[in-house]
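The values are calculated or read from the model by the stated rules, or taken from the named source; none is laboratory data. Nothing here was measured: the structure is a model prediction, and the numbers come from that model. We place every Cβ from the backbone using ideal geometry, glycine too, and count neighbours over all the protein chains shown.
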Amino acid sequence: MSVSQAQLKAFHAVAEHASFTRAAQAVCLTQPAVSDQVRKLEERFGVQLFHRNKRTVRLTELGERLQGITRRLFACEGEALELLEESRALHTGSLTLAVDAPMHLLPHIAQFCQRFPGIQVKLETGNTDECLARLFSHQADLALLGRDIEDSRLSCLLVRRDPMVAFVGRSHPWANRQAVRLSDLDDTALVLREPGSVTRQTLEEEMHRAGLRIRAAIEVQGREAAREAVVAGIGVGVVSAAEFGADPRVCALPILDCQRQFSETLVCLKEQLSRKVIAAFVQRVKDDL
């Protein structure tokens, strides 16, 4: 039994936008037309793909599984279209980047946008695990990861390596120190990032290697929240030296005996590397490096 491309496209649009109205706008159809295509798909196979009420649309378990397939399907469709339009020399198109730390790629993005002004670049942020998940689910074309990774499905380009530093607020007793050691962090109130954060994982591994204790004063989501917690005096934070920035409210303290460094690695699926827009961005980064 064949599947209607139009029905799959309507389903995919609703799944991606979580709204029949926004989906209709995305595919340039009326809302009733999109609703009819999805209804026909469900009736044809005797399944339910969405939980519906007056205000929200939510995927069923089967709908979530189908969404994973349609993401791959329409990613391949986009790749085919791009191949056929290569003669346009990247005058149009889009590129989605999932990054753990935007500041590492922004200079490269600026150069790329200047060279290819017709390409629409979208930047999405998250921790390394979230970025990798977006890449594998075809929600992103490239990902910038905060750790080294070995996966035969990926093409990887090391962008940089940086040491880990501690940081404290200006009113903290350590504010006048020049540096610290890992032993100083033993059983000290720490501002920790969320599980899945490479910053947290690296700190935990270093402390464990040294036989030291980690005491969380607070757990926060993201770098900005960690910085604000440190400024408020809740505890000591840790961050990559490259991401410390120039906030006058905090001061950085090199960790003298820390052996680990943070890496930033640009990755894409090997099967996608032949796409012209992806290859052009990777080459731009290589040239800048």
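Here the condition is being touching a helix residue (DSSP H, G or I) at 6+ places or on another chain (Cβ under 8 Å) and surrounded by 15 or more Cβ atoms within 10 Å (Cβ to Cβ); of ARG153, ARG134, ARG147, it holds for ARG147 alone.
Could you say which residue among VAL267, VAL239, VAL282 is buried (at least 20 other Cβ atoms within 10 Å of the Cβ) and touching a Cys at 6+ places or on another chain (Cβ under 9 Å)? Step through it out loud before you land on a result.
Details: VAL239 fails: touching a Cys at 6+ places or on another chain (Cβ under 9 Å); VAL282 fails: buried (at least 20 other Cβ atoms within 10 Å of the Cβ).
Only one candidate passes the filter, namely VAL267.
Taken over the range 102-121, residues that are within 22 Å of GLY196 (Cβ to Cβ) and at pLDDT 90 or above amount to 1. Scanning the range 1-40 for residues that are within 15 Å of ILE69 (Cα to Cα) and of a type outside the set (Gly, Ala, Ser) yields VAL3, GLN5, GLN7, LEU8, LYS9, PHE11, HIS12, VAL14, GLU16.
Look at the range 235-264 and say how many of its residues are in a loop (DSSP other than H, G, I, E, B), over 23 Å from HIS208 (Cβ atoms) and of a type outside the set (Phe, Trp, Tyr). Give the derivation first.
The first filter runs over the range 235-264 and keeps only residues in a loop (DSSP other than H, G, I, E, B), leaving 235, 244-249, 256-260.
Those still in the list that are over 23 Å from HIS208 (Cβ atoms) too: 244-249.
From what is left, the residues that are of a type outside the set (Phe, Trp, Tyr) are 245-249.
Residues in the range 235-264 being in a loop (DSSP other than H, G, I, E, B), over 23 Å from HIS208 (Cβ atoms) and of a type outside the set (Phe, Trp, Tyr): 5 in total.
Residues that are among the polar types (S, T, N, Q) and modelled with pLDDT under 95 occur at least once in the range 130-144.
On inspection, ARG52 does not qualify as of a type outside the set (A, V, I, L, M, F, W, C), in contact (Cβ under 8 Å) with a residue 12 or more places away in the chain and over 16 Å from GLN7 (Cβ atoms).
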